[in-house]
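Bear in mind that the values in this text are calculations on the coordinates, not laboratory data. Given the structure is predicted, the values throughout are model-derived calculations rather than measurements. Using ideal geometry, Cβ is built from the backbone for each residue, glycine included, and neighbour counts are taken over all protein chains shown.
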Amino acid sequence: MVERTIVGAHYGLSGWLAQRITAVVMALATLVIVGGIWSASPLTYAIWKSLFAKWWMWLSISLFLLSVMLHAWVGVRDILMDYIKPTAIRLTLEVVFLLALAYYTIWAMQILWRI
């Protein structure tokens, strides 16, 4: 019988689980957002603004944006770990992508909550 020694940072299960959980959160948030928009027909600026002022819409969109960020981060991190072997380059790219994802998430929230 062959003994299998597992080494490394053990990102496999946590990354896999994070991707699945964020996918479910994004799917549920999409249903809530689309349902809210669909029920508010016809859409005018005043209706759109009041729809986005509701706590459940704020929560749904915030969870969606944070889930997209985490989902993208896990995917990018896995790709970088697989294809960029020099550690310094990989870590630099990981920091750049993480900062970009955080910036885009905060920017999207600012745009949405300024309405």
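Tell me the trypsin sites (Lys or Arg not before Pro) within region 18-115 that lie in a loop according to DSSP and have at most 13 other beta-carbon atoms within 10 Å.
On the way: sites: R20, K49, K54, R77, R90, R114; in loops: K54, R114.
Counting only loop positions with at most 13 other Cβ atoms within 10 Å, the trypsin sites (Lys or Arg not before Pro) in region 18-115 are K54, R114.
Kindly write out, for region 45-52 in residue order, the coupling ³J(HN,Hα) from the Karplus curve 6.51 cos²θ - 1.76 cosθ + 1.60 (θ = phi - 60°), rounded to whole Hz, with x marking Gly and Pro.
4, 5, 5, 4, 5, 5, 5, 6
Can you tell me the length gained on complete extension of the stretch S41 to I21, counting 0.36 nm per residue apart and subtracting the Cα distance?
4.1 nm is the gain from fully extending S41 to I21.
Would you report the distance distribution of C-alpha pairs in region 33-115 as whole percents per 10 angstrom bin, up to the bin with the largest distance?
16, 36, 23, 15, 9, 1
Taking the 0 to 90 degree range and rounding to the nearest ten, how far is the long axis of helix 55-83 tilted relative to the main principal axis of the chain, both from C-alpha atoms?
Between helix and principal axis, roughly 20 degrees.
Quote the charge dipole size of region 13-113 about the Cα centre in Debye, to the nearest 20; the model charges only the Cβ of Lys and Arg (+1) and of Asp and Glu (-1).
Values: 6 positive and 3 negative charges, 23 e Å.
Dipole magnitude for region 13-113 comes out near 120 debye.
In whole Hz, with x marking every Gly and Pro, tabulate ³J(HN,Hα) for region 95-102 from phi via Karplus 6.51 cos²θ - 1.76 cosθ + 1.60, θ = phi - 60°.
5, 4, 5, 5, 5, 5, 5, 5
Enumerate the residues in region 95-115 having an amide nitrogen under 17 Å from the point lying 7 Å beyond the Cα of K49 toward its Cβ.
111-115
From Cα pairs below 8 angstrom and at least 6 apart in sequence, can you work out the relative contact order of the chain, rounded to a whole percent?
Once normalised by length, the contact order is 28 percent.
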